[in-house]
Amino acid sequence: MDVVVDPDGVGLPGLLDGPEESAVIVFAHGSGSSRLSPRNQLVAAALNGAGFATLLFDLLTPNEAADRSNVFDIVLLADRVDAAVRWLGTSRAIGLFGASTGAAAAIVAASRPGSPVGAVVSRGGRPDLAGDALGVAIAPTQLIVGSRDEQVLELNRTAMERMPGPVELAVVAGATHLFEEPGTLDEVSDLAAGFFAAHLAS
């Protein structure tokens with residue numbers, strides 16, 4: 001279903017799908033990607049099949065995305081994720097699924113006082129970019145990284161040492177940063193679905 005998330009009058013188009021009464025997973029795209037990201041759409045479809053609702057939305061307007069500095073403005077991206085969470089309301093359990101820089105934004109948003117976010121999953125994420133928010137990240141978090149994405153894998157290992165909440169590192173064998181190898185994105189979907197099922201009450 002097409003929706004519009006409207007933080008402070010900024011209309012951000014989105015796609016809300018899945019069971020209406022179930023826990024909802026908000027996607028935080030990274031590196032200038034959008035709600036139409038084929039990888040995140042594949043994961044979202046798998047989560048829908050596992051009984052979760054999903055919200056994929058553009059974190060930036062086209063004009064904002066044209067300025068590459070906004071893609072790495074973690075506070076701005078976290079503000080948009082936070083706005084989407086508030087837009088959804090408090091009647092359902094909420095999880096966040098972040099990729100690349102979007103993972104840092106998800107961690108920052110979930111770490112803010114009063115956040116209702118119950119779990120965070122990062123796919124090939126840069127949690128190190130969450131900065132001081134790592135030290136107050138108490139929502140259960142799963143960091144999914146490809147075994148061949150060596151630099152990002154090391155960044156994730158370092159970041160998780162700073163996180164006081166429950167955090168696990170899931171390494172997908174044979175996967176590079178974008179999980180383009182056959183079957184690797186399916187494994188990401190299975191890992192995320194299992195983690196959300198364990199930590200979110202529907």
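The values are calculated or read from the model by the stated rules, or taken from the named source; none is laboratory data. Here the structure is a predicted model, which means the values were calculated and not measured. Ideal geometry is used to build each Cβ from the backbone, glycine not excepted, and the neighbour counts take in all protein chains shown.
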Residue satisfying condition, being of a type outside the set (S, T, N, Q), assigned to a helix (DSSP H, G or I) and farther than 27 Å from residue 169 by Cβ, within set 106, 83, 78, 110: 83
Candidate set from the stretch 11-38 (those that are over 19 Å from residue 87 (Cβ atoms) and touching a Lys or Arg at 6+ places or on another chain (Cβ under 8 Å)); member that is modelled with the highest pLDDT: 30
Within the stretch 75-92, can you find the residues that are under 26 Å from residue 153 (Cβ atoms) and buried (at least 18 other Cβ atoms within 10 Å of the Cβ)? 77, 78, 81
For the subset of the stretch 86-103 comprising residues that are in a loop (DSSP other than H, G, I, E, B) and over 16 Å from residue 5 (Cα atoms), which member is modelled with the lowest pLDDT? 91
Please work out which one of (1) over 24 Å from residue 197 (Cβ atoms); (2) modelled with pLDDT of 95 or more; (3) of a type in the set (A, V, I, L, M, F, W, C) is the condition residue 72 fails and give its number. (2)
Is it the case, given these coordinates, that residue 64 is without any contact (Cβ under 8 Å) to a residue 24 or more places away in the chain and either assigned to a helix (DSSP H, G or I) or among the charged types (D, E, K, R) (or both)? yes
Would a scan of the stretch 117-132 turn up a residue that is assigned to a loop (DSSP other than H, G, I, E, B) and either surrounded by fewer than 16 Cβ atoms within 10 Å (Cβ to Cβ) or among the hydrophobic types (A, V, I, L, M, F, W, C) (or both)? no
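Every residue, every condition in (1) of a type outside the set (Phe, Trp, Tyr); (2) over 16 Å from the mean Cα position of the chain (by Cα); (3) surrounded by fewer than 15 Cβ atoms within 10 Å (Cβ to Cβ), yes or no:
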site	(1), (2), (3)
20	yes, yes, yes
30	yes, no, no
39	yes, no, no
44	yes, no, no
57	no, no, no
68	yes, yes, yes
73	yes, no, no
Would you check if residue 54 is assigned to a strand (DSSP E or B) and of a type in the set (S, T, N, Q)? yes
Can you find, within the stretch 134-186, the residue that is surrounded by the most Cβ atoms within 10 Å (Cβ to Cβ) among those that are small (Gly, Ala, Ser), outside any strand (DSSP E or B) and more than 15 Å from the chain's Cα centre (by Cα)? 159
Do we find that residue 95 is buried (at least 22 other Cβ atoms within 10 Å of the Cβ), under 19 Å from residue 191 (Cβ atoms) and out of contact with any Ser or Thr (no Cβ under 7 Å at 6 or more places or on another chain) in this structure? yes
Any residue at all in the stretch 114-122 that is more than 15 Å from the chain's Cα centre (by Cα) and not β-branched (Val, Ile, Thr)? yes
Residue pairs meeting the criteria (Cβ under 8 Å; at least 6 apart or on separate chains; first outside any loop (DSSP other than H, G, I, E, B), in the stretch 8-22; second of a type in the set (Phe, Trp, Tyr)): 12/57; 13/57; 14/57; 15/57
